[in-house]
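Accompanying notes for the structure given below.
The values are calculated or read from the model by the stated rules, or taken from the named source; none is laboratory data. Predicted, not measured: the structure shown is a model, and the values here were computed from it. Positions of Cβ are backbone-derived with ideal geometry, glycine not excepted, and every protein chain shown enters the neighbour counts. Only protein heavy atoms, including side chains, enter the accessible area calculation; ligands, DNA and RNA are left aside. Shrake-Rupley method; radii C 1.70, N 1.55, O 1.52, S 1.80 Å.
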Amino acid sequence: MKNLLIMAFFLGLTLQLSAGTGGNNAVIVEKTTASPMEKTSVNWQKMADGMSKALIKHFWGANFKGYENRYYFNYGSDLSNMTTNHYWPQAHAMDVMVDAYMRTGSKQYLNIYPLWWEGAPKFNFSGRAEDPWWNVFVDDMEWIALAQIRMFESTKDTKYLKKAKQMYDDWIWSTWGPEDEAPWFGGITWKTDVAKSKNACSNGPAALIAARLYNFYDAIGKTRGKSKQAYLNEAIKIYTWEKNNLFDRQTGAVYDSMNGEGKITKWTFSYNAGTFLGAAHELYKITGDKQYLADAVKVANFVIDHLSTNEGVLPDAVGGDGGLFHGIFFRYFVKLINEPALDGTNYNKFRNYITHCATVMAEQGVNGKTMLYSGRWRKAPADDEGVGLTSHLTGCMLMEAMCVLKQR
């Protein structure tokens with residue numbers, strides 16, 4: 001993602017964990033979860049419907065006169081920002097379309113699939129002749145591959161899965177390493193033209209892709225190349241590298257990156273926590289190894305206890321790359337909450353927390369007329385206010401998460 005360093009400065013003031021370990025400088029949060037007795041009258045299905053439809057109405061380029069062939073989600077609502085220099089939000093917009101389709105079965109969401117399949121590579125600012133889906137940012141390709149896997153999951157159309165597999169094999173796993181060179185000893189590269197920069201945002205999603213390709217391997221049918229077991233081995237290898245290098249086992253923090261000199265940058269962001277716990281949970285489901293589940297729980301508790309300093313919710317995130325960070329966390333967090341093996345204490349804490357976040361957003365942050373969310377938890381955008389795609393996607397993802405949240 002192009003604006004990582006800019007967003008790091010913007011978000012680092014509120015999301016940065018002290019470089020010291022052991023939690024010596026941890027922030028004390030007055031309220032991190034909703035009371036177990038907190039009740040809400042919010043209709044989550046209605047909220048999710050309204051916000052997903054608003055995503056199409058206000059961001060889908062082909063909706064606007066003169067842009068009928070723009071099969072692409074605009075970076076700003078109602079033509080306020082039409083730049084194509086931000087590739088990775090496209091994946092998350094399609095993730096929301098998949099969420100909405102799987103929840104409702106409505107063809108208004110399914111009909112977007114083939115159009116986006118045509119438009120996303122067409123508007124990719126750095127595609128290659130041999131592969132228009134390629135991007136200089138490895139993590140951007142990873143988000144796209146994850147969305148493609150979910151498009152397959154919701155339709156059983158193997159063209160989506162095959163494309164994700166090809167992207168992973170050719171462009172993502174190929175950036176692993178060098179395994180025999182200190183101090184990296186592996187790791188998936190963040191950006192193809194930045195030598196040996198190994199980031200959480202490129203390793204967590206890569207582990208998720210490899211694990212999901214292992215899960216769906218048999219659906220592809222006979223194919224040349226790696227064995228099914230190879231994908232699981234790679235998922236474990238990537239996850240283990242991230243755990244050994246970017247995970248604070250004492251606090252549960254997931255650090256941002258290891259740079260070209262081997263230095264760890266200790267910024268902490270919600271999306272990195274989300275993909276790390278998501279990969280841990282995926283590997284737990286595959287292997288049954290409880291250490292993966294314990295890792296996921298530790299990370300989730302870190303986000304709640306140390307990052308949710310905004311009266312019990314995460315910091316505001318208005319537009320830019322950072323607008324998407326919280327939504328990615330909620331996508332994988334709700335899967336952890338729904339895990340049957342999660343103990344009762346953490347289940348109650350996690351359920352109350354996500355319910356509190358969603359209630360604050362629904363009651364204060366979403367414009368009831370436009371159904372748009374701008375990234376401010378407690379201030380809805382004005383009727384005529386331009387809203388960033390990334391922030392609205394976070395709102396959509398949280399509402400969709402509430403629709404699949406299971407009650408015990």
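Among residues of the stretch 42-65 that are touching a residue at least 40 places away in the same chain (Cβ under 8 Å), those with a Cβ under 7 angstrom from a residue that is of a type in the set (Asp, Glu) and part of a loop (DSSP other than H, G, I, E, B), sequence gap 6+ or separate chain, pair up as 62/68. Against the numbered list (1) under 29 Å from residue 163 (Cβ atoms); (2) buried (at least 24 other Cβ atoms within 10 Å of the Cβ); (3) touching a helix residue (DSSP H, G or I) at 6+ places or on another chain (Cβ under 6 Å), residue 199 comes up short only at (3). Is it the case, given these coordinates, that residue 231 is of a type in the set (Phe, Trp, Tyr), free of Cβ contacts under 8 Å to residues at least 40 places away in the same chain and assigned to a helix (DSSP H, G or I)? It is true that residue 231 is of a type in the set (Phe, Trp, Tyr), free of Cβ contacts under 8 Å to residues at least 40 places away in the same chain and assigned to a helix (DSSP H, G or I).
Out of everything in the stretch 362-378 that is part of a helix (DSSP H, G or I) and in contact (Cβ under 8 Å) with a residue 40 or more places away in the chain, what residue ends up being nearest to residue 44 (Cα to Cα)?
At the first step, the residues of the stretch 362-378 found to be part of a helix (DSSP H, G or I) are 362-365.
Adding the requirement that they be in contact (Cβ under 8 Å) with a residue 40 or more places away in the chain leaves 362-363.
Details: 362: 9, 363: 11 Å.
Of everything passing the filter in the stretch 362-378, 362 is nearest to residue 44 (Cα to Cα).
Against the condition open to solvent by 20 Å² or more (accessible area, probe 1.4 Å) and of a type in the set (Phe, Trp, Tyr), how does residue 353 come out, does it pass?
Working: open to solvent by 20 Å² or more (accessible area, probe 1.4 Å): no; of a type in the set (Phe, Trp, Tyr): yes.
For residue 353, the condition - open to solvent by 20 Å² or more (accessible area, probe 1.4 Å) and of a type in the set (Phe, Trp, Tyr) - is not met.
In this structure, residue 191 does not satisfy being over 20 Å from the mean Cα position of the chain (by Cα), crowded, with 16+ Cβ neighbours inside 10 Å and under 21 Å from residue 255 (Cβ atoms).
Can you find a residue that is at pLDDT 95 or above and under 18 Å from residue 277 (Cβ atoms) anywhere in the stretch 364-380? Full working, then the answer.
Filtering the stretch 364-380 for residues at pLDDT 95 or above gives 364-380.
From what is left, the residues that are under 18 Å from residue 277 (Cβ atoms) are none.
Looking for residues that are at pLDDT 95 or above and under 18 Å from residue 277 (Cβ atoms), one finds none in the stretch 364-380, hence no.
Here is a check on your reading of the model: is residue 261 of a type in the set (D, E, K, R), outside any loop (DSSP other than H, G, I, E, B) and farther than 20 Å from residue 306 by Cα? The answer is no for residue 261.
Every residue, every condition in (1) in contact with a Cys (Cβ under 6 Å, 6 or more places away or on another chain); (2) open to solvent by 10 Å² or more (accessible area, probe 1.4 Å); (3) in a helix (DSSP H, G or I), yes or no:
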{"position": "93", "(1), (2), (3)": "no, no, yes"}
{"position": "96", "(1), (2), (3)": "yes, no, yes"}
{"position": "120", "(1), (2), (3)": "no, no, yes"}
{"position": "124", "(1), (2), (3)": "no, yes, no"}
{"position": "129", "(1), (2), (3)": "no, yes, no"}
{"position": "132", "(1), (2), (3)": "no, yes, no"}
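Identify, please: which residue in the stretch 274-314 is among the charged types (D, E, K, R) and closer than 24 Å to residue 362 by Cα and is, among those, surrounded by the most Cβ atoms within 10 Å (Cβ to Cβ)? My answer is 305. When every residue of the stretch 341-352 is checked against the conditions, at least one turns out to be among the charged types (D, E, K, R), in contact (Cβ under 8 Å) with a residue 24 or more places away in the chain, more than 24 Å from residue 146 (Cβ to Cβ) and assigned to a helix (DSSP H, G or I). What are the residues in the stretch 379-400 that are surrounded by 24 or more Cβ atoms within 10 Å (Cβ to Cβ) and in a loop (DSSP other than H, G, I, E, B), if any? If the condition is that a residue be surrounded by 24 or more Cβ atoms within 10 Å (Cβ to Cβ) and in a loop (DSSP other than H, G, I, E, B), then 387 is the only one that fits. All of (1) at pLDDT 95 or above; (2) open to solvent by 60 Å² or more (accessible area, probe 1.4 Å) hold for residue 160 with one exception: (2).
The requirement of being without any contact (Cβ under 8 Å) to a residue 40 or more places away in the chain, among the aliphatic types (A, V, I, L, M) and in contact with a helix residue (DSSP H, G or I) (Cβ under 9 Å, 6 or more places away or on another chain) is not satisfied by residue 300.
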